[in-house]
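Asks: Before anything else, here's the structure in question.
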Amino acid sequence: MMQIPVIVQTVGLLVLSNVFMTVAWYGHLKSLNGKAWYIAALISWSIALFEYLLQVPANRIGYTQYSLAQLKIMQEAITLTVFVPFAMFYMNQPFKLDYVWAGLCLVGAVYFIFRS
């Protein structure tokens, strides 16, 4: 039976985790704007549970081959990759060149943390 590579498992789970995290952290700003903050917090907590159910195994799997710092930088790069489309398409925010500059900084961070 073919084993899925650790990097594929880790990145896949972190991408899914970040989708839930982004919705939990920011989705309420649009969809629950008229509700009390504690309602938004309870709904966000409910969504965040799914984030943790994916993020914890992602980090445990990833930690078998990657350092803590590598996992953190990987997660940050994935977060920006998920956040930008969410901001643009769900929150109707305009694309900013700052996203590109931030992305390039993260590419640099990935390079430095993963180099030998």
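Asks: Rank these for me by crowding, Leu80, Leu97, going from fewest to most other beta carbons within 10 Å.
Replies: The most exposed by this proxy come first: Leu97, Leu80.
Asks: Right, next: Want the number for Tyr63 to Asn33: 0.36 nm per residue separation, take away the alpha-carbon distance, what's left? It would help to have the intermediate numbers written out before the result.
Replies: Values: separation 30, 0.36 × 30 = 10.80 nm, distance 3.80 nm.
Difference between extended and current length: 7.0 nm.
Asks: Using the alpha carbons of segment 6-114, what is the convex hull volume per residue in cubic angstrom, as a whole number?
Replies: In segment 6-114, the Cα convex hull volume per residue is 96 Å³.
Asks: While we're here: Please compute the modelled spin-label separation between Met88 and Trp101, points set 7 Å along Cα→Cβ, answer in nm with one decimal.
Replies: Label-label distance for Trp101 and Met88, simple model: 1.8 nm.
Asks: A further question on this structure: So, in nm, how far is label Met1 from label Ser116 when the simple model puts each one 7 Å beyond its Cα toward the Cβ?
Replies: Going by the 7 Å Cα→Cβ label model, 3.4 nm.
Asks: Test of understanding: ordering Ser116, Ser46, Ser31 by Cβ neighbours within 10 Å, fewest first, what list do you get?
Replies: Ordered from fewest to most neighbouring Cβ atoms within 10 Å, Ser116, Ser46, Ser31 come out as Ser116, Ser46, Ser31.
Asks: Under 13 Å from the Cβ of Ala109, count the other residues' Cβ atoms, weight Lys and Arg +1, Asp and Glu -1, and hand me the total.
Replies: Here the count lands on +1.
Asks: Under the classification rounded if a/c is under 1.5, otherwise prolate if a/b is larger than b/c and oblate if not, where does segment 44-85 fall, given a ≥ b ≥ c as square roots of the Cα gyration tensor eigenvalues?
Replies: In terms of gyration-tensor shape, oblate.
Asks: In addition: Run the numbers on the chain and let me know its relative contact order in percent, using alpha-carbon pairs under 8 Å that are six or more apart.
Replies: 33
Taken together, the values in this text are just the output of simple stated rules run on the coordinates, not laboratory data. Because the structure is a prediction, the values reported are computed rather than measured. When we count neighbours, we look across all protein chains shown, and the Cβ atoms used for this are built from the backbone with ideal geometry, even at glycine.
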